[in-house]
1. For Cα pairs less than 8 Å apart in space and 6+ apart in sequence, what is the mean separation divided by the residue count of the chain, i.e. the relative contact order in percent?
2. Using just the Cα positions, wrap the chain in a convex hull and report its mean projected area in square nanometres, one decimal place.
3. Can you list, bin by bin at 10 Å, the percent of alpha carbon pairs in region 39-85, starting at 0?
4. Compute a Gaussian network model of the chain, connecting alpha carbons closer than 10 Å, and tell me which residue from G41, G54, G65 fluctuates the most.
5. Please find, in a Gaussian network model of the chain (springs between Cα atoms separated by less than 10 Å), the residue of L63, L19, L80 whose mean-square fluctuation is greatest.
6. Under 13 Å from a point placed 7 Å out from the Cα of K75 along the Cα-to-Cβ direction: which residues of region 13-33 have their backbone N that close?
7. Starting from the Cα of S121, step 7 Å along the direction of its Cβ; do the same at S103; then give the gap between the two resulting points in nm.
8. Modelling each spin label as a point 7 Å along the Cα-to-Cβ direction, I'd like the N53/E88 distance in nm, to one decimal.
Amino acid sequence: VQPVESGGGLVQAGGSLRLSCAASAGTLSTYNVAWFRQAPGKEREFVAAITYNGGTTFYSDSLKGRYTISRDNAKNTVYLQMNSLKPEDTANYYCAARGRVTSNNPRSWDDWGQGTQVTVSS
């Protein structure tokens, strides 16, 4: 499956954005999906993951409460709602599919999108 991210952009601190992950090839609806992010000069960081049926979600401890992952399998799309954004949330956000939903290791996820840039200004 080939994930494709959208919804990134420039937002002021305290604002919100909703990222979307769709599939340009294949379907996401039968796979676990995760969001990661990577800031310049830093390692790729786990953000959140959701099981194939949306029944269970997992979050980075540092982001839990501000970020919400969800999915609409009828639309073949996974979302990441980001609230109360901070300048340190600035990063390229990646969607990954076909992985172990409990793993925060990027190597546990097989299929990756190209990313969408989120920039939070102070």
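The values are calculated or read from the model by the stated rules, or taken from the named source; none is laboratory data. Computed from a predicted structure; not experimentally measured. When we count neighbours, we look across all protein chains shown, and the Cβ atoms used for this are built from the backbone with ideal geometry, even at glycine. The area values use the complete protein model at the heavy-atom level, side chains included, leaving out ligands, DNA and RNA. Shrake-Rupley method; radii C 1.70, N 1.55, O 1.52, S 1.80 Å.
1. 36
2. For the Cα atoms of the chain, the hull's average projected area reads 6.6 nm².
3. It works out to 25, 48, 24, 3, in whole percents.
4. Among G41, G54, G65, the largest GNM mean-square fluctuation belongs to G41.
5. L63
6. In region 13-33, the label zone of K75 (backbone N under 13 Å from the point 7 Å along Cα→Cβ) covers 18-23.
7. Result: 4.0 nm between the two label points.
8. Going by the 7 Å Cα→Cβ label model, 3.8 nm.
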